[in-house]
Ligand SMILES: *Cc1c(COP(=O)(O)O)cnc(C)c1O
């Protein structure tokens, strides 16, 4: 292996997670969230496997991501959950991409651009109304600014009201109160639409936390991201069935024995006690190892946990070895080696963050190898 470090993406685990999640959500449809390059796993490659395994469609954050998926030949339902500017409307309509409508003003921008395309023979722009029930980020307030957007959707021949959705801010917490409150606001809003004879289309609200934990959050579809990649949204929630998809590996590039009292790495924040063996891993924070793992985290070497000694550098990290090792020994940063395994949630707790940031932090920085794809005979 000539790479300093590499990522393995296990498509068998992806398929397993899709099946498990689909079994949990019952009749609700699975929208697979592949934003941020598929949470660092490679959006195009994972999208293909997710759709083949039974995901109904895909969701991304931006128009750029949606167009890149179409460019890669990915067909089917595809939703941009973030802001779509009017300049992008012709492209998204030409490629059959659905977009979020954030408020009345945004709706008029989209409509104006869509009219030009419809007059040239295109079907109307498919939009999903975003309702802000408590995240205070994107969308209309159900008891406030929604009126303008709803009136536009109800009357415009250039917009197709394909769906209505909200996003839950606290579905990963033990207390169901805040989530129930958001769901209640969303339901009341949907009810008011129906009472006026309006058709809000495909209804969706749940992220991973809600899809797996709140039956009444499932509606017509769920938007699941982190669960597909094998993790729950918070380090305190554990799901026994999900399988991590990403592994990160490297090899020692140098091994040496240090005398007692030797400071290690920048700042000398670790000092050897006795004679100690150390190994050098040729990856650092520029490749996705958070600097907060300095003197805190561990990797796997010969099936054992080896602690990070001193500060993580830009492209190098020193680990303490229990005995002499060799240049070229494989080191596992994330994933399994021997009987032990390192998960992104463990990294997340070392780095005071969430598994999402660990996974996306490795995205795009190391070569990625996809294993267990269906056409290669994986099961
Ligand atoms: C990222 C995202 C999701 C998926 O969240 P997970 O916690 O990864 O399942 C769902 N909906 C929206 C609007 C998102 O931005």
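Every read-out reported here was derived from the displayed coordinates using simple, explicitly stated rules and does not represent laboratory data. Everything quoted here is computed from the prediction, not taken from an experiment. FYI the Cβ positions are ideal-geometry reconstructions off the backbone, even for glycines, and counts take in every protein chain you see.
You can think of it this way: the chain between residue 330 and residue 145 has 60.9 nm of extra reach, that is 0.36 nm per residue less the Cα-Cα gap.
Volume per residue for segment 220-303 equals 158 cubic angstrom (convex hull of Cα atoms). In the Gaussian network model of the chain, springs joining C-alpha atoms below 10 Å, which of 123, 240, 263 carries the largest mean-square fluctuation? Largest GNM mean-square fluctuation: 240. Round to the nearest 10 and give me the degree value, 0 to 90, for the angle of helix 43-52's Cα axis relative to the longest principal axis of the chain. The angle comes out near 70 degrees.
Computed on the chain, with alpha-carbon pairs under 8 angstrom and 6+ residues apart, the relative contact order is 19 percent. Spin-label model, residue 216/residue 273: points 7 Å from Cα along the beta carbon direction are separated by 5.5 nm.
Here the chain carries DSSP beta bridges of which approximately 50% are antiparallel, counting only pairs with both residues inside. Once the Cα atoms are used to define both axes, helix 177-195 deviates from the longest principal axis of the chain by about 20 degrees. Of interest is the spacing of the C-alpha centroids, which for segment 225-254 and segment 162-217 amounts to 27 Å. Computed from Cα atoms, the angle from the helix 146-155 axis to the main principal axis of the chain rounds to 60 degrees.
Can you give the FRET efficiency for residue 296 and residue 136, using 1/(1 + (r/R0)^6), R0 = 45 Å, r = Cβ-Cβ distance, to the nearest 0.05? With a Förster radius of 45 Å, E is 0.85. A Gaussian network model of the chain, with springs between Cα atoms under 10 Å, assigns the largest mean-square fluctuation among 128, 204, 181 to 181.
Note on the chain: helix-only mean residue ellipticity at 222 nm, from DSSP H runs of 4+ residues weighted -39500 (n - 2.57) and normalised by residue number, equals -8500 deg cm²/dmol.
Under a GNM of the chain (C-alpha, springs under 10 Å), which listed residue has the highest mean-square fluctuation: 53, 206, 171? Maximum fluctuation in the GNM of the chain, among the listed residues, is at 53. Its alpha carbons considered, segment 150-255 gives a radius of gyration followed by a Dmax of 19.1, 72 Å. The fewest-to-most ranking of 301, 6, 347 by surrounding Cβ atoms within 10 Å reads 6, 301, 347.
Between residue 95 and residue 4, the simple spin-label model (points 7 angstrom out along Cα→Cβ) gives 3.2 nm.
Our summary of shape: the Cα atoms of the chain have principal axis extents of 78, 43, 39 Å, ordered from largest down, in whole angstrom.
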